[in-house]
Amino acid sequence: MATVVVFHAHPDDEVILTGGTIARLAAEGHRVVVVVATDGKVEGPEPHPVDDADRIAELRASAAELGAHRVEALGYADSGHGPEFYPDPPGRVRFARADTEQAAGRLAEILRDERADVLLSYEANGGYGHRDHVKVHPVGERAAELAGTPRVLYATMPRETLMRGLRRSQRLHLPYIYGPDVVPTAYSPEATITHRIDVRPYARVKKRAALCHASQVPGAARFVPTALFRIVGGREWFVERGVEPGGEPKDWLF
């Protein structure tokens with residue numbers, strides 16, 4: 001059995017990008033450790049709706065639903081995603097401003113302690129360009145180097161699928177998860193994806209984990225049928241560092 005460390009920027013990212021993979025890993029007997037860089041609190045000059053929420057508690061509840069064995073937070077403040085990059089909150093550093101070597105050292109300590117076989121991280125574009133997601137990439141790369149972690153995979157989505165969703169939403173005049181200025185360079189082209197994981201059997205547990213993030217998920221989400229959730233969140237994608245894509249993506253990490 002392997003040990004997999006899953007490194008994300010914020011609480012709730014673990015479900016969105018890797019929830020089904022975590023659940024399957026745990027169900028198959030692998031050890032899964034979830035690490036987040038921030039506690040998800042923006043702490044800007046104006047009160048933020050989620051700053052009073054205990055998002056680490058939400059994360060722990062979500063990780064328990066998914067079957068993860070350990071949860072750690074590196075302790076940085078959320079950097080926010082708007083055009084204004086707020087100053088650091090009192091006594092804390094926003095992750096996007098963190099010293100890469102120091103942050104990587106914190107993550108490498110966990111990797112070494114766990115003798116991790118695999119690190120799941122993000123690509124250089126951070127998926128959709130959030131400052132904290134972009135920062136995950138160099139921190140993850142350096143941590144894997146320091147700890148000697150042999151395999152690194154980047155959680156992603158196929159850009160073409162997002163483009164089709166954007167065009168459909170524009171035709172129907174519906175809101176979309178990402179703006180038209182983001183999607184053309186978001187995540188990864190299909191041709192570069194090395195792993196496409198079918199996580200539909202874990203849709204129910206993935207939905208339960210998502211609902212643990214009450215500060216992020218509208219209450220109405222609990223009424224979304226599991227069958228619909230299975231369609232929307234039934235695939236997860238990865239690009240493995242150092243592996244040339246070719247043919248059909250692999251259907252599992254091992």
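No lab work stands behind these numbers, since they all come straight from the coordinates. A quick note: this is a predicted structure, and the numbers were derived from the prediction, not measured. FYI the Cβ positions are ideal-geometry reconstructions off the backbone, even for glycines, and counts take in every protein chain you see.
So here's what we get for this one:
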read-out	value
Neighbour-count order for M1, M163, fewest beta carbons within 10 angstrom listed first	M1, M163
Radius 14 Å from Cβ of P218, net charge of other residues (Lys, Arg +1; Asp, Glu -1)	+1
Two-decimal ratio, the chain, of alpha-carbon radius of gyration to 2.2 N^0.38 Å	0.96
Cβ-based charge dipole, region 21-99, positive-most Cα from G80, G40, A23	A23
Estimated [θ] at 222 nm from DSSP helical runs (n ≥ 4, -39500 (n - 2.57)) normalised by residues in the chain, nearest 500	-11000 deg cm²/dmol
Charge dipole magnitude, Cβ of K and R +1, D and E -1 - region 23-89, Cα centre, debye nearest 20	520
Equivalent ellipsoid, region 161-254 (semi-axes from 5 times Cα gyration tensor eigenvalues, Å)	25, 21, 12
Linear extension gain, A227 paired with Y176, 0.36 nm per residue minus alpha-carbon span	16.3 nm
Sequence-distant residues sharing a close amide H with V6 (under 5 Å, placed H)	V33, V34, V35, L120
Rounded to the nearest 20 debye, dipole of the chain from Cβ charges on Lys, Arg, Asp, Glu	920
